[in-house]
Amino acid sequence: MNIDRMEFMTWMERIMERFDILGEHFENAQKQKSAIDGEELLDSQDLFMMLKVSSRSLQRYRSSGKLPYYTISGKLYYKLSDVNQFIRDSFSAPLRKQIRTIPDK
């Protein structure tokens, strides 16, 4: 099968147009991510990757009330601001090393 340069270029332009359309659809889908009160919602999978924790750890944070969550149609969501606050609260003040002095004899 032999195609000439013009036919090839025409097909490539059509393919690139399709990629542009797909890119626009993808951008629109990203903009329409779940939100509540104008704030982005994250699902459990997002938190697993963000916090690098197991599902059990996430359940423990929810149960203890450390991490607020919302249930929408049976699926758990977390406000981005709540997650950021949880991270800030999880950090403890750095420990200072105590320097021991040897008493003079």
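List of remarks:
- Neighbours by Cβ (under 9 Å, 6+ apart or cross-chain): first from the range 1-25, free of Cβ contacts under 8 Å to residues at least 24 places away in the same chain; second part of a helix (DSSP H, G or I): I3/W11
- Residue within the range 27-43 that is modelled with pLDDT of 80 or more, in a helix (DSSP H, G or I) and either surrounded by 10 or more Cβ atoms within 10 Å (Cβ to Cβ) or among the hydroxyl-bearing types (S, T, Y) (or both) present: no
- Residue count for the range 63-83 satisfying the condition of being surrounded by 14 or more Cβ atoms within 10 Å (Cβ to Cβ) and either under 11 Å from L41 (Cα atoms) or free of Cβ contacts under 8 Å to residues at least 12 places away in the same chain (or both): 8.
The values are calculated or read from the model by the stated rules, or taken from the named source; none is laboratory data. Only a predicted model underlies this, so the values are computations on that prediction, with no experimental measurement involved. Because the Cβ atoms are built from the backbone with ideal geometry, glycine has one as well, and the counts that use them run over all protein chains shown.
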